[in-house]
Amino acid sequence: MGLGGWLLIGGGAVLGLIGLVALLGSLLPRVHVVARSVQLGQPPETVWQVVTDFATVPSWHPGVRRVERLPDRDGREVWRETYKGGPPLQLETVEAGPPYRLVRSIADANLPFRGQWEFEIAPAPLGSRITITERGEVPNPLFRFLARVVLNPAAHLEAYLRALARKFDEPVIFE
């Protein structure tokens, strides 16, 4: 068999693999919900101050390289967060109920995914309990396959909570 034949077989195999991944991705749900919680030895007001001071996040979260304030959208704050190894995200604060509830949503329609993060900070016997719930949607079956099979959907939540606990010099134990 000549080079052209091998290239045709290789190209067909690649297309077949892409087709298989798209098929498997189309069988996965478009929407996912994942949550993680940790206890912190800080009162809810202290946790709220840190969580909502978006400009200082790069000083305590090693995965966030830069945060920039953008113009408000419909009277709501919008921030662009740039991550190590990932695309920047525009995040809009859609709800803020100090010091217990914060909801931020992706404000960029050009991404292959959509989502929001709900921060619930509740008083606990030794301080507070923070729960972050991610409600995401991945319409594209190829990205959906990668997001579900290759990546851990809770990885970003866990990294955020680990960094937050380190900010307070506390151990992190996921509940």
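No value in this document is a laboratory result; all are computed from the given coordinates. A quick note: this is a predicted structure, and the numbers were derived from the prediction, not measured. A quick note on method: Cβ atoms are made from the backbone with ideal geometry, for glycine too, and the neighbour counts reach across all protein chains shown.
Quick one: net charge of Leu91's neighbours, Cβ under 10 Å, K/R +1, D/E -1? Once positives and negatives cancel, what remains is -2.
Could you give the length gained on full extension between Leu151 and Val34, defined as 0.36 nm per residue of separation minus the Cα-Cα distance, in nm?
Working: separation 117, 0.36 × 117 = 42.12 nm, distance 1.31 nm.
Taking 0.36 nm per residue and subtracting the Cα distance, the gain is 40.8 nm.
Listed values for the range 165-175 are Karplus-derived 3J(HN,Hα) couplings in whole Hz (6.51 cos²θ - 1.76 cosθ + 1.60, θ = phi - 60°), namely 5, 4, 4, 8, 6, 10, x, 10, 10, 6, 9, and x replaces Gly and Pro.
Modelled this way, with points 7 Å down the Cα-to-C-beta line, the labels at Arg101 and Ala159 are 2.9 nm from one another. The phi torsions of the range 119-128, fed into the Karplus equation with coefficients 6.51, -1.76 and 1.60 and a -60° offset, translate into couplings of 9, 10, 10, 10, x, 9, x, 10, x, 8 Hz, rounded to whole numbers, with Gly and Pro shown as x.
Work out the FRET efficiency for Leu111 and Val172 from their Cβ-Cβ distance, taking R0 = 45 Å, and round it to the nearest 0.05. Efficiency computed from Cβ-Cβ geometry: 0.95.
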